[in-house]
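Peer 1: Got a structure for you, written out below as structure tokens; questions coming shortly.
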Amino acid sequence: MEILVVEDDAQVAAAVRRGLDAEGYTVDLAPDGLTGLRLARRHAYRAIVLDIMLPGLNGYKVCEALRADGVTTPILMLTAKDGEYDEAEGLDTGADDYLTKPFSYLVFLARLRALIRRSQTPGPLLRVGDLWLDPAARRCGRGSAEVTLTEREFAVLRCLAEHPGEVLSKRRIVDEVWDIAFDGEESIVEVYVSMLRRKVDTPFGVRSITTVRGAGYRLEAGSC
């Protein structure tokens, strides 16, 4: 179970990491807001521990950007700022809980576990024909058969599934799936569409991801 800790105080970050490691969690550390935002966009963490006073981009902005991107990972704000207005601002930007430093590690761990438990409540499935995606669990399949996808493959398929029947350009898919700092070629989308077809179409004898020449790609109920 992976946790992202975005904290610029090296001692606090190290202490939190040691405690979470001992509990069996896998921990990624980010020393500033921009790094934390990039990691949170790229990986499906079970929870994010987010400081407010960060270099580069503060925690409020990181949280706001993630929620605007549709990232629903539970966020526990961890900060030295103490006051009801600070707490209200954190929750209003999309945080799920707020803890003020210095804090009891037992309380921190209990709140983190509670956030993770609440996030495990099943959410709605995305369905296009007999193709289904479970965004919360990062699972997908066709009918009763589950299909294993990489994180990026799942993100591209989810992008298409959220707009069934709509033609999405390569640029739009890149903007929705890749990090804001991505400076590669839009043709990368072709690679992932090809891999998706080999996994969700070809084995089932259907054709659901279609190319609209000069425009982009469309996901629809599969045809034989």
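Peer 1: Can you pull out the strands (runs of 3 or more DSSP E) entirely within the stretch 14-117 that have at least 2 residues that are under 29 Å from Phe154 (Cα atoms) and free of Cβ contacts under 8 Å to residues at least 60 places away in the same chain?
Peer 2: Those strands (runs of 3 or more DSSP E) span 26-30, 47-51, 75-79.
Peer 1: Enumerate the pairs (first residue in the stretch 137-162 and without any contact (Cβ under 8 Å) to a residue 12 or more places away in the chain and under 18 Å from Asp175 (Cβ atoms); second residue anywhere and part of a loop (DSSP other than H, G, I, E, B) and open to solvent by less than 10 Å² (accessible area, probe 1.4 Å)) with beta-carbon separation below 7 Å, excluding pairs fewer than 6 apart on the same chain, so at least 6 apart or on different chains.
Peer 2: Hits for this filter: zero, empty list.
Peer 1: Across the stretch 130-158, what is the number of residues that are charged (D, E, K, R), part of a loop (DSSP other than H, G, I, E, B) and within 26 Å of Leu115 (Cα to Cα)?
Peer 2: 1
Peer 1: Restricting to the stretch 15-62, what's the tally of residues that are charged (D, E, K, R), open to solvent by less than 50 Å² (accessible area, probe 1.4 Å) and within 22 Å of Glu151 (Cβ to Cβ)?
Peer 2: Here the count works out to 1.
Peer 1: Return the only residue of Val156, Val200, Val167, Val174 being open to solvent by 20 Å² or more (accessible area, probe 1.4 Å) and of a type in the set (Val, Ile, Thr).
Peer 2: Step by step, each of Val156, Val200, Val167, Val174 is checked, and only Val167 is open to solvent by 20 Å² or more (accessible area, probe 1.4 Å) and of a type in the set (Val, Ile, Thr).
Peer 1: Within the stretch 9-25, which residues are over 20 Å from Thr73 (Cβ atoms) and among the charged types (D, E, K, R)?
Peer 2: Correct list: Asp9, Arg18.
Peer 1: For residues that are of a type in the set (Val, Ile, Thr) and under 25 Å from Arg171 (Cβ atoms), scanning just the stretch 203-224, find the one that is surrounded by the fewest Cβ atoms within 10 Å (Cβ to Cβ).
Peer 2: This residue is Val212.
The values are calculated or read from the model by the stated rules, or taken from the named source; none is laboratory data. Predicted model only: the values in this text are computed from it and were never measured. Cβ: placed from backbone, ideal geometry, glycine included. Neighbour counts: every protein chain shown. The area values use the complete protein model at the heavy-atom level, side chains included, leaving out ligands, DNA and RNA. Shrake-Rupley method; radii C 1.70, N 1.55, O 1.52, S 1.80 Å.
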